[in-house]
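*Asks:* Have a look at this one.
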Amino acid sequence: MRGWTTIVAAALAVASGAAAQDKPVELRFSLWVPPQHSNTVKAREWGESLSKATNGSIKVTVFPAQQLGRAFDHFDMTKDGIADVGHLSLGYEPGRLPIAAISNAPFMMTNAKGGSRALHEWYSKYAPRDMPEVKFCLAYAHDPGAIHSKRPITHPDHIKGLKVRPAHATMGQFVTLLGGTNVQASAPESREILERGVADAITFPWESMFIFGIDKAVSHHLDMPFYVATFAWIINKAKYEGMSAAQKKAVDDHCNLDWVARVADPWAEQEAAGKEKMGKTAGHTLNKPSAAEIAAWRKAAEPIRAQWDASVQKLGLDPKAVYGDLEAALKKHNSLY
């Protein structure tokens, strides 16, 4: 027995030594949200956990608030190695990620906790087809956001003639369908365009309105779960391929449903609390649509699905099957609208 114990101890020592000998890897993790944002906090935790899992051979440095580049550029930044890990808004890449686009359609998810798990399970299957230039890590959504404006909006007809900053490309399609004009701006740029009158309204999650100071620029809020924005963490392919087998496994173990929950759940709780906070903030009005108005909103959104079907067919995929996979995942996680 003593000999067997010695053999096991020696094997563990060899394995530990091999891990310790893995070449150092420095990962620059770029985010466009502020340092205090939940996503930035979780990115730091992810990096610390990854470093611990690799005995310090992987070191992650987090760069929030667009320090390495603009929010709209994070896919190319990660693909080209300006960043090694990127916080990507799946809706900031119009036409580039046709499969992911449907996840940003209005009236898709009722909540971000189950919705994020469903999104990750679904997109893990399709991401290699949608974004082959990078390594997909994980995907998640923010809690349902709303339209925030300078005057009351409760019916889709109220969008006609308005200048709206959409959350992403899919929401931009919706604004156009309703007769509005899209004003493109990333989240960090949004308060300024509203204050300058370049935009009349914005689609945004609730607590983030306070984080980005947008609550200072609008006073009316559509009180319904209107849409979600979806996000992914992506990794530079060459950087990942250059890692040792042990390091790759550690990264893979940090790109799973467990980490989706760690990232998505606290943010979902914060955004949900933001709605209650907004309702108690002086000078702000939450406008509740009637049942007929809700039905009108959903009817107005139907062409979004038809446009997405056509784009997915161009890839040689069956849009009914792809959408069916997403719908099944959302049902499984109790988050289908």
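*Asks:* Is it fair to say residue 267 is more than 17 Å from residue 225 (Cα to Cα), surrounded by 12 or more Cβ atoms within 10 Å (Cβ to Cβ) and in contact (Cβ under 8 Å) with a residue 60 or more places away in the chain? Break it down stepwise before answering.
*Replies:* Details: more than 17 Å from residue 225 (Cα to Cα): no; surrounded by 12 or more Cβ atoms within 10 Å (Cβ to Cβ): yes; in contact (Cβ under 8 Å) with a residue 60 or more places away in the chain: yes.
When the stated conditions are applied, residue 267 does not pass them.
*Asks:* Continuing with this model, one more query. Please state which of the following conditions residue 234 fails to meet, knowing it meets all the rest: (1) in the same structural domain as residue 98 (by TED's automatic domain parsing); (2) closer than 24 Å to residue 208 by Cβ; (3) surrounded by fewer than 20 Cβ atoms within 10 Å (Cβ to Cβ); (4) among the aliphatic types (A, V, I, L, M).
*Replies:* The single condition residue 234 does not satisfy is (3).
*Asks:* Can you tell which of 202, 193, 153 is closer than 19 Å to residue 274 by Cα, out of contact with any Cys (no Cβ under 9 Å at 6 or more places or on another chain) and of a type outside the set (Ser, Thr, Tyr)? It would help to see each step written out before you state the result.
*Replies:* Numbers: 193 fails: closer than 19 Å to residue 274 by Cα; 153 fails: closer than 19 Å to residue 274 by Cα.
Criteria check complete, one pass: 202.
*Asks:* Does any residue in segment 285-311 that is in a loop (DSSP other than H, G, I, E, B) come within less than 9 Å, Cβ to Cβ, of a residue that is charged (D, E, K, R) six or more places away or on a different chain, and which pairs are these?
*Replies:* Within 9 Å, the pairs are 288/223; 289/223.
*Asks:* Assuming residue 153 fulfils every condition listed in (1) out of contact with any Ser or Thr (no Cβ under 7 Å at 6 or more places or on another chain); (2) part of a helix (DSSP H, G or I); (3) in contact (Cβ under 8 Å) with a residue 40 or more places away in the chain apart from one, which condition is it?
*Replies:* Going through the list (1) out of contact with any Ser or Thr (no Cβ under 7 Å at 6 or more places or on another chain); (2) part of a helix (DSSP H, G or I); (3) in contact (Cβ under 8 Å) with a residue 40 or more places away in the chain, residue 153 breaks only (2).
*Asks:* Oh, and also: Quick one: in segment 273-312, which of the residues that are more than 14 Å from residue 148 (Cα to Cα) and in contact with a His (Cβ under 7 Å, 6 or more places away or on another chain) is surrounded by the most Cβ atoms within 10 Å (Cβ to Cβ)?
*Replies:* Here the residue is 293.
*Asks:* Please enumerate the residues belonging to segment 153-206 that are of a type in the set (Gly, Ala, Ser) and surrounded by 23 or more Cβ atoms within 10 Å (Cβ to Cβ).
*Replies:* Kept after step one, since they are of a type in the set (Gly, Ala, Ser), are these residues of segment 153-206: 161, 167, 169, 172, 179-180, 185-187, 190, 197, 199, 201.
Listed by number, the residues that qualify are 167, 187, 190, 199, 201.
*Asks:* Here are 168, 120, 148: which of them is modelled with pLDDT under 95 and in contact with a strand residue (DSSP E or B) (Cβ under 7 Å, 6 or more places away or on another chain)? Spell out the reasoning first.
*Replies:* On the way: 120 fails: modelled with pLDDT under 95; 148 fails: modelled with pLDDT under 95.
After applying the criteria, what remains is 168.
*Asks:* Separate question: Restricting to segment 34-57, what's the tally of residues that are outside any helix (DSSP H, G or I) and at pLDDT 95 or above?
*Replies:* 5
*Asks:* Follow-up. Test residue 132 against the stated conditions and say whether it is touching a His at 6+ places or on another chain (Cβ under 9 Å), in the same structural domain as residue 245 (by TED's automatic domain parsing) and not hydroxyl-bearing (Ser, Thr, Tyr).
*Replies:* Considered against the rule, which asks whether it is touching a His at 6+ places or on another chain (Cβ under 9 Å), in the same structural domain as residue 245 (by TED's automatic domain parsing) and not hydroxyl-bearing (Ser, Thr, Tyr), residue 132 comes out as no.
*Asks:* For segment 143-166, give me each residue that is within 19 Å of residue 337 (Cα to Cα) and among the aliphatic types (A, V, I, L, M).
*Replies:* 146, 147
*Asks:* Which ones in segment 227-282 are polar (S, T, N, Q) and either closer than 27 Å to residue 109 by Cα or part of a loop (DSSP other than H, G, I, E, B) (or both)?
*Replies:* Initially, segment 227-282 is screened for residues polar (S, T, N, Q), giving 230, 236, 244, 247, 256, 270, 281.
Passing the criteria: 230, 244, 256, 270, 281.
*Asks:* Are there any pairs with C-beta distances below 7 angstrom linking a residue in segment 176-189 that is over 16 Å from residue 149 (Cα atoms) to a residue that is of a type outside the set (A, V, I, L, M, F, W, C) and buried (at least 18 other Cβ atoms within 10 Å of the Cβ), with the two at least 6 apart or on different chains, and if so which?
*Replies:* Final answer for the pair search is 188/66.
*Asks:* Filter segment 313-337 down to residues that are assigned to a loop (DSSP other than H, G, I, E, B) and of a type in the set (Lys, Arg), then give me how many there are.
*Replies:* Residues flagged as assigned to a loop (DSSP other than H, G, I, E, B) and of a type in the set (Lys, Arg) within segment 313-337 amount to 1.
*Asks:* Just the residues that are more than 24 Å from the chain's Cα centre (by Cα) and surrounded by 22 or more Cβ atoms within 10 Å (Cβ to Cβ), please, taken from segment 25-57.
*Replies:* Correct list: 54 only.
The values are calculated or read from the model by the stated rules, or taken from the named source; none is laboratory data. Bear in mind the structure is a predicted one, so any value in this text is a computation, not a measurement. Virtual Cβ from ideal backbone geometry, glycine too; neighbours counted across all protein chains shown.
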